[in-house]
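J.: Submitted below is the structure of interest, expressed as structure tokens.
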Amino acid sequence: MTPVQEKLRAAGVPSDAVRTVAHDLQQEWDFVNNRRVSRGYVARNTIDVRVDSIDRVGELLDIAVAGGRAVERVVRIEEHGVQSRPPVPFVAAREALQADAPPIAAGQIELRSQVTVTVELK
């Protein structure tokens, strides 16, 4: 994961915008003639990257995928949904305040998305 984080920093992602959220190593097994045979290990290392400019998401995802070990092929890319909390208008409140419109201050809306990239390494 070190090369991935270094390449993200070189692309202008601040160090405090990248954090490790999980890592594990698990042995995988096949069953051949009623015997368990090791297939090898699967290593997972999950990082969280805060991206302040949404138009850079694709670019930074490419950098992260290419930044690790040599990738033989991308097996699967899964997008697990986007979470957002946009403002929700309340009809009753709007009707109660018809005479005097309330002040609305500009602000930010946070969007979160999770992407899992499964690759086969050389």
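The values are calculated or read from the model by the stated rules, or taken from the named source; none is laboratory data. Because the structure is predicted, anything quoted here is derived from the model rather than measured. Here Cβ is always computed from backbone atoms with ideal geometry, including for glycine, and neighbour counts include all displayed protein chains.
J.: Go through the stretch 12-26 and report how many residues are assigned to a strand (DSSP E or B) and within 15 Å of the chain's Cα centre (by Cα).
T.: So the first thing to find is which residues in the stretch 12-26 are assigned to a strand (DSSP E or B), and the list is 18-26.
From the residues that got through so far, the ones that are within 15 Å of the chain's Cα centre (by Cα) too are 18-23.
Residues meeting the conditions: 6.
J.: Of the residues that make up the stretch 6-16, is at least one of a type in the set (Ser, Thr, Tyr) and touching a helix residue (DSSP H, G or I) at 6+ places or on another chain (Cβ under 9 Å)? Lay out the reasoning, then the answer.
T.: Within the stretch 6-16, the first condition is being of a type in the set (Ser, Thr, Tyr), and the residues that meet it are 15.
From what's left, touching a helix residue (DSSP H, G or I) at 6+ places or on another chain (Cβ under 9 Å): 15.
Yes: one or more hits.
J.: Just checking, which of GLY58, GLY107 is exposed (fewer than 11 other Cβ atoms within 10 Å of the Cβ), under 13 Å from the mean Cα position of the chain (by Cα) and modelled with pLDDT under 90?
T.: Details: GLY107 fails: under 13 Å from the mean Cα position of the chain (by Cα).
Within the list GLY58, GLY107, the selection yields GLY58.
J.: Would you be able to say whether some residue in the stretch 61-83 is surrounded by 10 or more Cβ atoms within 10 Å (Cβ to Cβ), more than 28 Å from LEU121 (Cα to Cα) and modelled with pLDDT under 75?
T.: Yes.
J.: While we're on this one: Could you figure out which of (1) in contact (Cβ under 8 Å) with a residue 40 or more places away in the chain; (2) out of contact with any strand residue (DSSP E or B) (no Cβ under 6 Å at 6 or more places or on another chain) isn't true of ASN45?
T.: Just one mismatch for ASN45, condition (2).
J.: Shifting gears a bit: Consider ARG9 against the criteria (1) among the basic types (Lys, Arg); (2) assigned to a helix (DSSP H, G or I); (3) within 23 Å of LYS122 (Cβ to Cβ): it satisfies all of them except one. Which criterion is unmet?
T.: The one condition ARG9 does not meet is (3).
J.: When both residues are 6+ apart or on different chains and their Cβ atoms are under 9 Å apart, which pairs have a first residue that lies in the stretch 3-22 and is within 10 Å of ILE63 (Cα to Cα), and a second that is in a strand (DSSP E or B) and not polar (S, T, N, Q)?
T.: VAL4/VAL18; VAL4/ILE47; GLN5/VAL18; GLN5/ILE47; LEU8/VAL18; LEU8/ILE47; LEU8/VAL49
J.: Can you give me the number of residues within the stretch 3-25 that are in contact with a strand residue (DSSP E or B) (Cβ under 9 Å, 6 or more places away or on another chain) and surrounded by 11 or more Cβ atoms within 10 Å (Cβ to Cβ)? Talk me through it step by step, then tell me what you get.
T.: Step one: of the stretch 3-25, the residues in contact with a strand residue (DSSP E or B) (Cβ under 9 Å, 6 or more places away or on another chain) are 4-5, 8-9, 13, 17-25.
If we keep only those that are surrounded by 11 or more Cβ atoms within 10 Å (Cβ to Cβ) as well, we get 4-5, 8-9, 13, 17-20, 23.
Qualifying residue count for the region: 10.
J.: Applying the selection to the stretch 27-38, what residues are free of Cβ contacts under 8 Å to residues at least 12 places away in the same chain and part of a strand (DSSP E or B)? Even if it seems obvious, please write down each step before you answer.
T.: Step one: filter the stretch 27-38 for residues free of Cβ contacts under 8 Å to residues at least 12 places away in the same chain, giving 29-38.
Answer for the stretch 27-38, where residues must be free of Cβ contacts under 8 Å to residues at least 12 places away in the same chain and part of a strand (DSSP E or B): TRP29, ASP30, PHE31, VAL32, ARG35, ARG36, VAL37, SER38.
J.: For the stretch 40-55, which residues satisfy the criterion of being of a type outside the set (Gly, Ala, Ser), surrounded by fewer than 12 Cβ atoms within 10 Å (Cβ to Cβ) and not in a loop (DSSP other than H, G, I, E, B)? Write out each step before concluding.
T.: Just the residues of the stretch 40-55 that are of a type outside the set (Gly, Ala, Ser), to begin with: 41-42, 44-52, 54-55.
Still in the running and surrounded by fewer than 12 Cβ atoms within 10 Å (Cβ to Cβ): 41-42, 44, 52, 54-55.
The answer is TYR41, VAL42, ARG44, ILE54, ASP55.
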